[in-house]
Amino acid sequence: MRRTAVALALVAGLMQWVARPAYAQSVEWEGYLDLRAAAPSDETSWLKGGSGKTRFGGGGDAASDDALTGGAALAAIFQVTPALLATATVQYRPELERPFDLLEGYVRYRPVSTTPWRWSAKAGAFFPPISLEHDGIGWSTTRTLTPSAVNSWVGEELRTFGTELHVEHRGRHGTLDARAAVFFKNDPAGELLASRGWAMGDIAPGVDGSLRQPDVHAPVARSPVPMRFRPFVEMDDQPGYYAALGWQPSSQRRVTALYYDNHADLAESVRYSGRTVRAWRTYFWNVGAEQRIGEWVLLGQAMHGSTIFEPAPGRLRLNTEFNAGYLMLSREQGAWQPALRVDLFQSQQRPAALSPPLSEHGNAVTVALNWRPHEHLRVTGEVLRIDSTRNQRRRGGLEARQVDVQVQLGVRLFF
């Protein structure tokens, strides 16, 4: 909590400094209030330590079945000079251990360009440029309430605490851009994906936040229940990196590719929540494409990678290979904006001789309908069905295969 308070104090101090007329050209505020009602799936949600794949899940708990909640985000954008911008976003998520937290905050320098070349650099805490779905305020989605499995995981475990350089060339046949970044505090990345598996939800912890691990995993990790996972911890004092390329031949089409490697030292560890937590070496490829056809847009992403862990350094190494992807078709114009998305996801832990290995496979279908009568109001109804098979469920007395169905109604007010 102290780190969160310090971060918020720094943001407040930056706001006061840049708001002085001698420096600030503009200060903008934007945010939203979110109200959510849901008919949860029967399986206990991963947010409550269960094996369910959805954000809302009762698991037979009457107090949980009436899922009514809310949330909010507030972003401040300070245009200090024509080339220098500073921004910070604070969120409120009542489901998290730290409901109020800094989601991201960074400064960006982008000088005015009069040639086809343009470059920029930013430093701070921000999301890596992976998701094609999160184009709303506070790293939120605009087409569905629930992001894909790929981008749900990005929000849960990945954050860039470092510096990114971005170079682009705007030519006659399109725009080519390249990014490269170095970062710290991502050494545990991959632990939740291996120990819990893929899940789908719009919950991203703040920079000092944590998430709950499955209760059935706690005895294996020799940890008390509830078992907390902090995704943003530095262990080895060496940076990770990512590099990305993008090509946009027109305003109607673009493709992206990114390679990520947290470069964690598997020999390093820290202690928190009463247990020893070791580093996870996680690396992956992510490719994405976007095609606009009139008032419709087709999105697709695919991710392939591994996360490696040594519970007994030098004696036992666990490698979880993971794959996931989706295709989504949505309408972006008019008051009524439907969306349809299909997800596939899979993970395989090796060596397979473990009993049982933490492996899974599954698919999901998301159907959403947005009503946008005004730019400050969006009403969204969504049905999400996830069919998944994970051996870990047997430890809790469940069948390995479960079907989770979640229905949501969301009302979001923008300001």
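One table, with the values for the structure above:
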{"read-out": "Hey, LEU384 buried (at least 19 other Cβ atoms within 10 Å of the Cβ), of a type in the set (A, V, I, L, M) and under 30 Å from ARG36 (Cα atoms) or not", "value": "yes"}
{"read-out": "Segment 117-136, residues that are more than 14 Å from the chain's Cα centre (by Cα) and farther than 20 Å from VAL182 by Cβ", "value": "TRP117, ARG118"}
{"read-out": "Filter pass, ALA257 being assigned to a strand (DSSP E or B), more than 30 Å from ALA38 (Cα to Cα) and not hydroxyl-bearing (Ser, Thr, Tyr)", "value": "yes"}
{"read-out": "Given (1) under 19 Å from the mean Cα position of the chain (by Cα); (2) at negative phi, number of the condition GLY50 does not satisfy", "value": "(1)"}
{"read-out": "Matching residues, segment 75-117, being open to solvent by 70 Å² or more (accessible area, probe 1.4 Å) and touching a residue at least 24 places away in the same chain (Cβ under 8 Å)", "value": "PRO82, GLU97, PHE100, TYR109, ARG110, VAL112, TRP117"}
{"read-out": "Residue within segment 158-168 that is under 17 Å from ILE308 (Cα atoms), touching an Asp or Glu at 6+ places or on another chain (Cβ under 8 Å) and not in a loop (DSSP other than H, G, I, E, B) present", "value": "no"}
{"read-out": "Residue count for segment 246-263, restricted to those that are farther than 14 Å from LEU132 by Cα, open to solvent by 10 Å² or more (accessible area, probe 1.4 Å) and under 20 Å from the mean Cα position of the chain (by Cα)", "value": "2"}
{"read-out": "Residues that are assigned to a loop (DSSP other than H, G, I, E, B) and either in contact with a Leu (Cβ under 9 Å, 6 or more places away or on another chain) or closer than 16 Å to GLY190 by Cβ (or both), drawn from segment 234-254", "value": "GLU234, MET235, ASP236"}
{"read-out": "Restricting segment 265-296 to residues that are crowded, with 19+ Cβ neighbours inside 10 Å and touching a residue at least 60 places away in the same chain (Cβ under 8 Å), the residue that is farthest from GLY240 (Cα to Cα)", "value": "GLY288"}
{"read-out": "Criterion: under 20 Å from TYR283 (Cα atoms) and either at pLDDT below 95 or open to solvent by less than 40 Å² (accessible area, probe 1.4 Å) (or both) - qualifying residue of ALA400, ALA364, ALA368, ALA324", "value": "ALA324"}
{"read-out": "Number of the condition not met by TRP198 [criteria: (1) over 21 Å from PHE56 (Cβ atoms); (2) touching a residue at least 60 places away in the same chain (Cβ under 8 Å); (3) in a loop (DSSP other than H, G, I, E, B)]", "value": "(1)"}
{"read-out": "Any pair with Cβ under 7 angstrom, 6 or more apart, that starts in segment 121-137 at a residue that is assigned to a loop (DSSP other than H, G, I, E, B) and ends at one that is of a type in the set (Asp, Glu)", "value": "PHE127/GLU104; LEU132/GLU290; ILE137/GLU30"}
{"read-out": "Flag if PRO226 is without any contact (Cβ under 8 Å) to a residue 24 or more places away in the chain, closer than 19 Å to GLY397 by Cβ, open to solvent by 10 Å² or more (accessible area, probe 1.4 Å) and not hydroxyl-bearing (Ser, Thr, Tyr)", "value": "no"}
{"read-out": "Of residues in segment 337-356 being open to solvent by 20 Å² or more (accessible area, probe 1.4 Å) and in contact with a strand residue (DSSP E or B) (Cβ under 6 Å, 6 or more places away or on another chain), the one farthest from LYS53 (Cα to Cα)", "value": "GLN337"}
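Table: residues versus (1) within 20 Å of LEU193 (Cα to Cα); (2) of a type in the set (Gly, Ala, Ser).
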| site | (1), (2) |
| --- | --- |
| THR282 | yes, no |
| ILE293 | no, no |
| LEU299 | no, no |
| GLY314 | no, yes |
| ARG341 | no, no |
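The values are calculated or read from the model by the stated rules, or taken from the named source; none is laboratory data. Quantities reported herein were computed from a predicted structural model and do not represent experimental measurements. Methodologically, a virtual Cβ is constructed for each residue, glycine included, from the backbone with ideal geometry; neighbour enumeration extends over all protein chains shown. These accessible areas exclude ligands, DNA and RNA; they are computed on the full protein's heavy atoms, side chains included. Shrake-Rupley method; radii C 1.70, N 1.55, O 1.52, S 1.80 Å.
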